[in-house]
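The values are calculated or read from the model by the stated rules, or taken from the named source; none is laboratory data. The model shown is predicted, which means the values in this text are computed figures rather than measured ones. Every residue, glycine as well, gets a Cβ built from its backbone with ideal geometry; the counts of neighbours run over all protein chains shown. All accessible areas refer to the heavy atoms of the entire protein, side chains included, with ligands and DNA or RNA removed. Shrake-Rupley method; radii C 1.70, N 1.55, O 1.52, S 1.80 Å.
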Amino acid sequence: FFSLVYRGNISLAIPYLPAGSWALWVDGQGGSAGPFELKVDFKAPATPPANDTCAAPSSIALAGAPVTVMGTTWGATDQNFGCEDPAGVFSPDVVYSLVVNSPQSVGIELRAEPGSSLKPVLTLRSPGTCGSGLVTDIQGCGWSDPQLSDRMLTTIPVLYPGTYPVWIEGDDGTQGAFSLRLSPGPALTATPTNDSCLGPVS
């Protein structure tokens, strides 16, 4: 656990940092400069959430009614290399197993809870690829709206039967509590009549 406090009542707390050497830069906003006082505290890392790794993902069954789960990435390690931005930045994540028993669409709403700094990001991977680092195993990405950085909304037209790993993390290395709402619906497999130049809408 790493925390620092400096003048101006500004603080930063990171519940988990991997071992290594980290660069800490001190700068000023708007070209400001001057003396400062910096305090750094190190403590034992926070206990990771139970669904921190592929060894114990939380299971969600996608049935006929919407389902909402609450979770947090606070204190989690960084196991997934998926849709986070910037790519490769340390981004604590947790994983769910989404169980789909019949073809259906799903609406996804991922929100940071009040007081959480999380800029939610969702990575949906193909069945059986929980720990994969391959881009080809990613079935979809969901990012928060630049204007509403605390929530992410998307719809997946169709998911076929299987168990899909769903990773949740934050852009810019953010972390915190969140709510995840999944709303199943009919599979949207019909091709629009104006899908090609053979049938444009006039």
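Selection of segment 104-131 for residues being assigned to a loop (DSSP other than H, G, I, E, B), closer than 18 Å to T68 by Cβ and among the polar types (S, T, N, Q) yields only S116. The selection criterion, being touching a residue at least 24 places away in the same chain (Cβ under 8 Å), among the small types (G, A, S) and surrounded by 11 or more Cβ atoms within 10 Å (Cβ to Cβ), does not hold for A50.
Taken residue by residue, segment 117-128 has at least one member that is among the β-branched types (V, I, T) and surrounded by 15 or more Cβ atoms within 10 Å (Cβ to Cβ). Being in a loop (DSSP other than H, G, I, E, B), of a type outside the set (G, A, S) and within 21 Å of D145 (Cβ to Cβ): is that true of V89 here? Here the answer is yes, as V89 does meet what is asked. Checked against the criterion of being closer than 21 Å to V100 by Cβ and open to solvent by less than 80 Å² (accessible area, probe 1.4 Å), segment 144-153 contains one or more residues that satisfy it.
Of all residues in segment 16-47, those satisfying the criterion of being surrounded by 10 or more Cβ atoms within 10 Å (Cβ to Cβ) and under 14 Å from D78 (Cα atoms) are Y16, L17, P45, A46, T47. Determine whether A61 is open to solvent by 30 Å² or more (accessible area, probe 1.4 Å), of a type in the set (G, A, S) and either touching a strand residue (DSSP E or B) at 6+ places or on another chain (Cβ under 7 Å) or at pLDDT below 90 (or both). Taking the combined requirement at face value, the residue satisfies it.
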